[in-house]
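Chemist: Sending over a structure as structure tokens; questions will come in a sec.
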Amino acid sequence: MTDHDAPHDDASPDEDRRQSGDAWRESDATLRSDGGEPSEARRASSELRSDGGAAGADDVALDPWGSSTVADYRKLFDQFGIDVFDDILPGVPNPHYLMRRSVIFGHRDYDRVASAMRAGDDFAALSGFMPTGDPHIGHKMVFDEIIWHQQQGGDAYGLIADLEAHAARDLSWAEIDEHTRSYVLSLLALGFDPEAGELYRQSTNREVQDLAFELGVEANFSELQAIYDFDGETDVSHMQSVVTQMADILYPQLDEPKPTVIPVGPDQDPHMRLVRDLAARMRFFGVTEAYASFEATATERPLLRQAYNARTDYADNPDRPRCVEAAGWLRRTRPDPSEARESAIEKLENAGREPIRPRTRIFDRRATEEAFDALIQAVDGDKRVYDEHVDAFDLDQEAAEELARQVELDNGGYGFLPPSSIYHRFMTGLTGGKMSSSIPASHISLLDDPEDGYDKVKSATTGGRSTAEEQREKGGKADECPVYELYAYLLSGDDDEFATEVYEECVGGERLCGGCKEQAAELMAAFLEEHQEKRAEWEDKLDELDIELESDRRRD
Ligand code: TRP
Ligand code: SF4
């Protein structure tokens, strides 16, 4: 997708293209889909299943509604194609402390958002919360991420996933209303600006539901089954909550396409894979690189490119290398047998004397006839028009993408950009193990009494040694310490120096757990106190907001 190898051309006038004898014209049927390549979502989910048994299902289990554990974050990169956040950190202006401290460890396509930030272009950030309980310090990370993007100039959205909570978690509307209020208050107390951004709940957002319906046309049951393990027992509303989330994620782009980041935990990644696919499927046109009239797969394309680049080695007339000549060259120079090589050779042979020549292909996915005609008109320079695609010889991929999107927008399409995501680490529970809302001592709710917060920190497990003496000698294990996590994820705030100091004092043996926990507990109590004061200030102003706090659906 990011392969922007501009198809270059030596621009020799190409009469073969103008012969309308279409000898090498191939059926357009294969162009309707992405050349038979499996979709991003399906590919990843089949990898998950094929590895699930062997590697121990619990190493990486990404289940949006189950308990997600991630024993080894590196696997997320290899198995699911999440990218390492640190690699793009230098390109993020004024990065958030969660980014600087690698708490945000992974992303999909975040560079799209970072470059919009660098260029001062529009971008958006959106995340959603199931109102199933009280907001806690894990949610705070996501609240902060949304707010930070808002402060960097992005359009910010916070949504309450009440339909999902009702469908997937069986919560009553009365419970949902109570928690909705609480999530909204914490988001505001942490700095979300409701005038500049938007807060909504799924159940009352008509546009989201309409979009969900449209997206549902592009997704079928087998696909949801493959991605989420749904089966015959899964209820229809649960499935509907999936397309609703897809619509949430694309909602910021309804007015116009813009880079959008979805800050979430890695358990939500299956949703990201699906939505990125759906966003592409909604597009009127697709753009690919091609070398002849036939369609090639992603693994064949590099071979065709090599063959084209080597044309002076084999072509009678290097200004017009023929497909069949390229086939012979591939056969001679790349003896390693691979499926891609065999199929590329076969396609080249079938194309016979058609010249091999790089081009940018814009194909019709779901455009109207008018939109396709408009596209043909809009392509400048050398082009060749087929039933369901146009080959452009003077446009690079990026320019073609832009042109196709513009034609789509002018003709009533959405023109969605694939949404990006960033992933943060799950916090370790204060009692060791998972932080879980069903174990109160394992987590700190944003509504906890400051004193309870203090006590929970004081009784947390640590990465300390069994005796003070041993600790002084060997140092503590800050990397395995839930208390250190509290410092890094929350208590140090923007103060990197303080976070580093705690870390170094700990591993250097200068810091002992008793005092360290005392300091953390005090900071936690102070944070909770301040947070709850701000929540109280917002209480009075809640009525002025657009978001409905009492659901019409209540029957109590
Ligand atoms: N499924 C999310 C959760 O379990 C909530 C959610 C709904 C969401 N819509 C979203 C998250 C859009 C991110 C973006 O918490
Ligand atoms: Fe954890 Fe602090 Fe003890 Fe180090 S000194 S192990 S950071 S509690």
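The values are calculated or read from the model by the stated rules, or taken from the named source; none is laboratory data. The structure displayed is predicted, hence computed values, not measured ones. Every residue, glycine among them, receives a Cβ derived from its backbone with ideal geometry; neighbour counts consider all protein chains shown.
Chemist: Identify, from the list GLU469, GLU485, the residue that is at pLDDT 95 or above, in contact with a strand residue (DSSP E or B) (Cβ under 6 Å, 6 or more places away or on another chain), away from ligand 1 (no atom under 16 Å from the Cβ) and not assigned by TED's automatic domain parsing to the domain that holds SER102.
Modeler: Selected residue: GLU485, the only one of GLU469, GLU485 that is at pLDDT 95 or above, in contact with a strand residue (DSSP E or B) (Cβ under 6 Å, 6 or more places away or on another chain), away from ligand 1 (no atom under 16 Å from the Cβ) and not assigned by TED's automatic domain parsing to the domain that holds SER102.
Chemist: Of the conditions (1) outside the structural domain of PHE372 (by TED's automatic domain parsing); (2) at pLDDT 95 or above, ALA404 clears all except one; give me its number.
Modeler: Answer for ALA404: the failing condition is (1).
Chemist: Okay, moving on. In the range 430-467, which residues are aliphatic (A, V, I, L, M) and touching a residue at least 40 places away in the same chain (Cβ under 8 Å)?
Modeler: Residues satisfying the conditions are LEU430, MET435, ILE444, LEU446, LEU447, VAL457, ALA460.
Chemist: Could you list, in sequence order, all residues of the range 327-383 that are of a type in the set (Gly, Ala, Ser), closer than 21 Å to GLN397 by Cβ and touching a residue at least 40 places away in the same chain (Cβ under 8 Å)?
Modeler: Of everything in the range 327-383, those that are of a type in the set (Gly, Ala, Ser), closer than 21 Å to GLN397 by Cβ and touching a residue at least 40 places away in the same chain (Cβ under 8 Å) turn out to be ALA340, ALA344, ALA367, ALA371.
Chemist: Could you say whether any residue in the range 492-499 is in contact (Cβ under 8 Å) with a residue 40 or more places away in the chain, under 25 Å from MET141 (Cα atoms) and within 9 Å of ligand 2 (Cβ to nearest atom)?
Modeler: no
Chemist: Condition test on ARG405, is it more than 30 Å from the chain's Cα centre (by Cα), surrounded by 20 or more Cβ atoms within 10 Å (Cβ to Cβ) and not in a strand (DSSP E or B)?
Modeler: no
Chemist: Okay, moving on. Would you check which residues across the range 430-455 are within 16 Å of ligand 2 (Cβ to nearest atom) and over 34 Å from the mean Cα position of the chain (by Cα) and list them?
Modeler: Answer for the range 430-455, where residues must be within 16 Å of ligand 2 (Cβ to nearest atom) and over 34 Å from the mean Cα position of the chain (by Cα): TYR454, ASP455.
Chemist: Still on this structure, please answer the following. Restricting the search to the range 152-204, which residues are closer than 30 Å to ALA119 by Cα and touching an Asp or Glu at 6+ places or on another chain (Cβ under 6 Å)?
Modeler: Within the range 152-204, TYR157, LEU159 qualify.
Chemist: Could I ask something else about it? Filter the range 238-278 down to the residues that are out of contact with any strand residue (DSSP E or B) (no Cβ under 9 Å at 6 or more places or on another chain), among the polar types (S, T, N, Q) and within 11 Å of ligand 1 (Cβ to nearest atom) and list them by number.
Modeler: The answer is SER241, THR244.
Chemist: So, of the residues in the range 97-132 that are buried (at least 20 other Cβ atoms within 10 Å of the Cβ) and over 18 Å from the mean Cα position of the chain (by Cα), which turns out to be nearest to HIS271 (Cα to Cα)?
Modeler: The extreme case among them is MET130.
Chemist: Same structure again: Which of the residues belonging to the range 472-490 are within 11 Å of ligand 2 (Cβ to nearest atom), in contact with a Phe, Trp or Tyr (Cβ under 9 Å, 6 or more places away or on another chain) and over 12 Å from THR461 (Cα atoms)?
Modeler: If the condition is that a residue be within 11 Å of ligand 2 (Cβ to nearest atom), in contact with a Phe, Trp or Tyr (Cβ under 9 Å, 6 or more places away or on another chain) and over 12 Å from THR461 (Cα atoms), then GLY476, ASP479, TYR487, ALA488 are the ones that fit.
Chemist: Identify the single condition in (1) over 33 Å from the mean Cα position of the chain (by Cα); (2) within 11 Å of ligand 2 (Cβ to nearest atom) that SER466 does not satisfy, given that it satisfies every other one.
Modeler: (2)
Chemist: Quick check: is even one residue across the range 421-431 within 16 Å of ligand 1 (Cβ to nearest atom), touching a Lys or Arg at 6+ places or on another chain (Cβ under 7 Å) and outside any helix (DSSP H, G or I)?
Modeler: yes
Chemist: Also, I was wondering about something else. Within the range 432-464, restricting attention to residues that are touching a strand residue (DSSP E or B) at 6+ places or on another chain (Cβ under 9 Å), part of a loop (DSSP other than H, G, I, E, B) and at pLDDT below 95, which residue is farthest from VAL502 (Cα to Cα)?
Modeler: Across the range 432-464, the extreme among qualifying residues is SER437.
Chemist: Right, something else. In the range 55-169, which helices (runs of 4 or more DSSP H) lie fully inside it and hold 2 or more residues that are within 16 Å of ligand 1 (Cβ to nearest atom), in contact (Cβ under 8 Å) with a residue 40 or more places away in the chain and touching a His at 6+ places or on another chain (Cβ under 9 Å)?
Modeler: In the range 55-169, 137-151, 162-168 are the helices (runs of 4 or more DSSP H) which contain 2 or more residues that are within 16 Å of ligand 1 (Cβ to nearest atom), in contact (Cβ under 8 Å) with a residue 40 or more places away in the chain and touching a His at 6+ places or on another chain (Cβ under 9 Å).
Chemist: Please determine whether any residue of the range 334-351 is touching a Gly at 6+ places or on another chain (Cβ under 7 Å), in the same structural domain as GLN397 (by TED's automatic domain parsing) and within 30 Å of VAL407 (Cβ to Cβ).
Modeler: Checked the range 334-351: no residue is touching a Gly at 6+ places or on another chain (Cβ under 7 Å), in the same structural domain as GLN397 (by TED's automatic domain parsing) and within 30 Å of VAL407 (Cβ to Cβ).
Chemist: Consider SER436 carefully, then state whether it is out of contact with any Phe, Trp or Tyr (no Cβ under 7 Å at 6 or more places or on another chain), within 30 Å of ARG276 (Cα to Cα) and not assigned by TED's automatic domain parsing to the domain that holds ILE376.
Modeler: yes
Chemist: Considering only the range 346-396, give the strands (runs of 3 or more DSSP E) lying wholly within it that have at least 1 residues that are surrounded by fewer than 15 Cβ atoms within 10 Å (Cβ to Cβ).
Modeler: 383-385
Chemist: Anything in the range 465-506 that is over 24 Å from LEU528 (Cβ atoms) and in a loop (DSSP other than H, G, I, E, B)? List them, or say none.
Modeler: Passing the criteria: ARG465, SER466, THR467, GLY475, GLY476, LYS477.
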